[in-house]
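The values are calculated or read from the model by the stated rules, or taken from the named source; none is laboratory data. Quick caveat, the model's predicted, so the values are computed rather than measured. No Cβ is skipped: glycine too gets one built from the backbone with ideal geometry, and neighbour counts run over all protein chains shown. In case anyone asks, the SASA skips ligands and DNA or RNA and just uses the protein heavy atoms, side chains included. Shrake-Rupley method; radii C 1.70, N 1.55, O 1.52, S 1.80 Å.
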Amino acid sequence: MGKHALLSASSSHRWLNCPPSVRLSESYEDKGSSYAAEGTDAHTLCEYKLKVALGLPAKDPTENLTYFSEEMEECANGYAAYILEQVETAKEKCSDPVVLIEQRLDFSKYVEGGFGTGDCLIIADSEIHVCDYKHGQGILVEAEDNPQMKLYALGALEIFDGIYDIDTVSMTIYQPRRNNISTHTVSKESLYQWANEILKPTAELAFAGEGDFKCGDWCGFCKAKYECRTRAEHNMELAKYDFKRPPLLDDYEVEDILSKIDGLISWASDIKDYALQSAVSGKQWNGWKLVEGRSTRRFTDEAAVAKAVSAEGFDPYEQKLLGITAMTSLIGKKRFEDVLGSYIEKPQGKSTLVPESDKRPPINTVQHDFNEI
Ligand code: SF4
């Protein structure tokens, strides 16, 4: 069996929303990405740190990790500490909770060939706690109604529901680079209901390459996203916006456009990337040509340049204060707080317009303040 299931848990948000995307993207090569490779390294380190924290034998993988960094180590330490806390909490309910690391979870009862790996499972009498580490920092991942977590939970129930008298399942996303720990708890029955009424029939459609194409935020993770007609048509809808009259857009129209524009930008930039990569590989697009972009001059040998400038009696280097991260590494976290804490400020970030569902609190604008007087 391959390393990845055709209907994988990690891609379930996509195939549950757009079942035919599974077969449509089957013929595309899996190119991987540096983000995915970094995530794999982080998981390996987390596994090691957690095993050490639990007193289990483990081999330090650090020297083989391409993307190892101090930040990654901090994240992995935080993850191990969080899991230990959860184990202690579980011990309040049951004296001897079971902790499983990197557990293979089979949910093929509902999804053809479906399996995945749970980063950590804690089983304490009537509750299973499924924990998933996320190293990415681009998208904030919530545990609530998260299909990947629900699939892992079903895989965990498949193993333990007969052995223990489980009634609830908690699912946690631990995403340290977004300061996000998101937990959602559901009853076992509600999971089974979702599995039978939604998951199973949709997985059958996906496996057969049937069902309706549907465009949404999941398209960003679809291998067919560049050439998909549904996505193109969906985004081209905005271009058909009725701009005829009156001459100025009203607030409702601007709000409507705002709600569609991120998807449009992302689709447009995907099309540009795809067309460029194809052209670099030799494809000719009618009316388009490849040219050389702008470039800036640079030194070919910095050591030789420094030597030559010094010989001329000049200092070739500029002195610059270290940044906050490098300074913290230099003098240590505690000393940094003691000595430099009073010199640190966090300026207000640039204003960004986001949907109301975004978790950040709204900022007060001058107009707002004025209205409130
Ligand atoms: S790009 Fe979007 S709409 Fe098209 S197949 Fe993929 S997920 Fe479905």
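Data table
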item	result
Cα-centred dipole magnitude for the stretch 16-128, charges only on beta-carbon of K, R (+1) and D, E (-1), debye, nearest 20	400
Positive-end residue of Thr62, Tyr79, Met171, charge dipole of the stretch 9-213 with Cβ unit charges	Thr62
Length gained when the stretch Glu74-Gln277 is fully extended (0.36 nm per residue, less Cα-Cα span)	69.4 nm
Label-point separation in nm, Asp250 to Tyr317, each point 7 Å along Cα→Cβ	6.6
Protection proxy ranking, peptides 346-353, 117-124, average beta carbon neighbours within 10 Å, highest first	117-124, 346-353
Rg and Dmax [Cα atoms of the chain; Å; Rg one decimal, Dmax integer]	25.9, 81
Dipole moment magnitude, nearest 20 debye, the chain about Cα centre, only Lys, Arg, Asp, Glu C-beta charged	1240
Per-residue ³J(HN,Hα) for the stretch 59-69, Karplus 6.51 cos²θ - 1.76 cosθ + 1.60, θ = phi - 60°, Hz, x for Gly and Pro	9, 5, x, 3, 5, 9, 8, 5, 9, 4, 8
Sequence of Asp358, Asp273 when ordered by accessible area, the most exposed leading, probe 1.4 angstrom	Asp273, Asp358
Candidate lysines for bridging to Lys289, where Cα separation is under 24 Å - those fewer than 8 sequence places away on the same chain excluded	Lys225, Lys272
Two-site FRET efficiency, Asp338 against Ser266, from Cβ-Cβ distance with R₀ of 35 Å, rounded to 0.05	0.20
Which of Gly293, Leu45, Gln348, positive extreme of dipole for the chain (C-beta unit charges)	Gly293
Longest to shortest principal axis, alpha-carbon extents of the stretch 9-213, angstrom	48, 42, 27
Cut-off under 5 Å, modelled amide H: who pairs with Asn180 long-range	Gln175
5 angstrom amide H check on Phe115, placed H, neighbours 5+ away	Ala5, Ala9, Phe107
Estimated inter-spin distance, Ser329 and Asp125, nm [label 7 Å along Cα→Cβ]	4.8
